[in-house]
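Each remark here refers to the structure printed beneath this line.
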Amino acid sequence: MIFANTKSGIGGKVVTAALLVLFFAASSAVVTSAADIYVPAGGNQNIQQAVNNASTGDTIIVRDGTYNENVYVNVTDLIIRSENGSGNCIVNAKYENTDVFFVAANYVTITGFTVQGATEFGYAGICLFGAGYCYISDNNVLNNGDGISILDSGYNLVANNIVTGNNYTGIYMELANANIVLGNTATNNGWEGIFIASSYNNTFIRNNASNNTIYEFYSDEYSQNNTVKDLQLCNNQTSVSFTYGNGAGLKCVDTVPTEPSEKLDISKYVETIEVCADSWLFLNMSYEEADLGCVAEDSLSMWEHSGTDWVEVAGTTGVNTAKNYVYANITEFNILAPLGDTNGVSLEPLGSSNVLNCTGGELCVNESGWWHDGGTFNASDTRIQDAIGNASVGDTVYVYNGSYIENVNVNKQLTLQGEGADVVTVTNSTADHHVFNVTADLVNISGFNVTGATSYMPGIYLNGRQHCNIYDNIASGNYNGIYLYYSSNNTLS
């Protein structure tokens, strides 16, 4: 007999739970003290047999292997753990239309399993139903309908699980109150990373939600007083903390709009989605000092892009420079990003010339080493990188003709000027690295033949960079020649 189950309600779970109670009735004798029960051993050849034979306070230790079963847990204060972690202990659903672990008791721990195979809509790898004070940790939950579902349950801790590649939602919560969801990774799920319906007073801390198809995080308008802290989005590109009311949705930004010409971004973006007309969101977006580049920190505020233009968020917005976050009270839901003013460094290109002028205090490089004009010569095998390390913001590093074998990290605003792409060749010293990795804004690179990044790497790579000028170079013999990722307002010529 098949019973329907929908995400909009949990009535189907009630029917399923009633059937499972009858099917998995406990038959063991009373145990007077806590015991360790190993699986497989004796009369406990699978996990369900061990649960049936367990008493309150027992620990079930599951040895390495693959177990094809659906496990109904109705014993209070029970620990079910793998012996050697999720990489060695796999629980496959025997029935695709039943949760792999269905927990209907308080104080249950499930830790250290790979849980998969409950692929039907409305079923999960691990389901808490009417359960409290449970601990679900360090599991790898994949290829289910939902990864972990928390239904009509409260005061549970769900921590350090990986929920990925599930058909619908990574972590699904309905009628779930006062739970803590901590340090989980919810990625590449078919619908949402985290979904909350009619749930109150839950706390989400340091979770990662990225590359989910519809939303990274979604809460309906009936969920209130939930708090999200340090939610990592978009492959850790963006970290946000927020409170909200009347629903909110967040997702990664696939195509970053170009910021206004007079502003700079810090490569942090999120798209917010209004759930109803009364939705609001008080959002903090965190950054590190290294993200600032040439942005004046105290000028940062939150801006929104409505699809055509960037405008500063109306009302409350600003920056907390002591704790490194930009904040805003959001009532109009769009793409959001912290933008600020330049810190005084010119945004104009620094010029293009292949005539080297190593006479005015500049840093100079040849095949043997580097030097400041009039200073001591420094022999080096990584002479371009060493010159950059000794440069100040705004300096020019001149590179004379020759062949250079090194990986160059350009981590400050400066100009790298080669004597010409026909006479200066920079070859990758490590094939699985970029030749030039640009990690600062307002960088000029010209006059180089860049080659040798053959292992899925570009010759010149810009990640989250802006106002750079890459010109008069030859990029050949690389997997990609020049690659810009999450970067804007740059010039290639």
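Read the figures in this text as sums done on the coordinates, not as results from a lab. Source: prediction; values computed, not measured. So basically every Cβ, Gly included, is an ideal-geometry build from the backbone, and we count neighbours across all protein chains shown.
Some observations on this one:
- Ordering 310-316, 404-410, 391-397 by mean Cβ neighbour count within 10 Å, with the highest value first, yields 404-410, 391-397, 310-316.
- Which of Met285, Met173, Met457 has the fewest Cβ neighbours within 10 Å, and the rest in rising order: Met457, Met285, Met173
- Helical content alone sets the calculated 222 nm signal of the chain at -1500 deg cm²/dmol, taking -39,500 (n - 2.57) per DSSP H segment of four or more residues and averaging over every residue.
- Calculated FRET value between Leu157 and Thr439, using beta carbons and R₀ = 41 Å, to 0.05: 0.65
- Taking Cα centre as origin and charging only the Cβ of basic (Lys, Arg, +1) and acidic (Asp, Glu, -1) residues, the dipole magnitude of segment 11-340 rounds to 1080 debye.
- Going from the residue with the fewest nearby Cβ atoms within 10 Å to the one with the most, Ile150, Ile388 rank Ile388, Ile150.
- Between the beta carbons of Ile205 and Ala314, assuming R0 = 25 Å, the FRET efficiency works out to 0.25 to the nearest 0.05.
- Extension gain, Ser403 to Gln45, is 122.2 nm, computed as 0.36 nm per intervening residue step minus the present C-alpha separation.
- Computed on segment 363-492, with alpha-carbon pairs under 8 angstrom and 6+ residues apart, the relative contact order is 18 percent.
- Were the residues from Ser261 through Asn88 laid out at 0.36 nm apart, the gain over their Cα-Cα distance would be 56.9 nm.
- A Förster radius of 45 Å, combined with the Cβ-Cβ distance separating Ser368 from Asn225, puts the computed FRET efficiency at roughly 0.10.
- ³J(HN,Hα), Karplus 6.51/-1.76/1.60, whole Hz, each residue of segment 36-49, x for Gly, Pro: 9, 10, 9, 10, x, 6, x, x, 10, 7, 9, 5, 4, 4
- Between Thr454 and Asp432, the contour length at 0.36 nm per residue exceeds the Cα-Cα span by 7.2 nm.
- Neighbour-count ranking [beta-carbon atoms within 10 angstrom, fewest first] of Glu367, Glu262: Glu262, Glu367
- The chain: angle of helix 11-23 to the longest principal axis, Cα-based, in degrees nearest 10: 50
- The H on the amide N of Val408, modeled in the peptide plane, is under 5 Å from the matching H of Phe436, Asn437, each at least 5 residues off or on a different chain.
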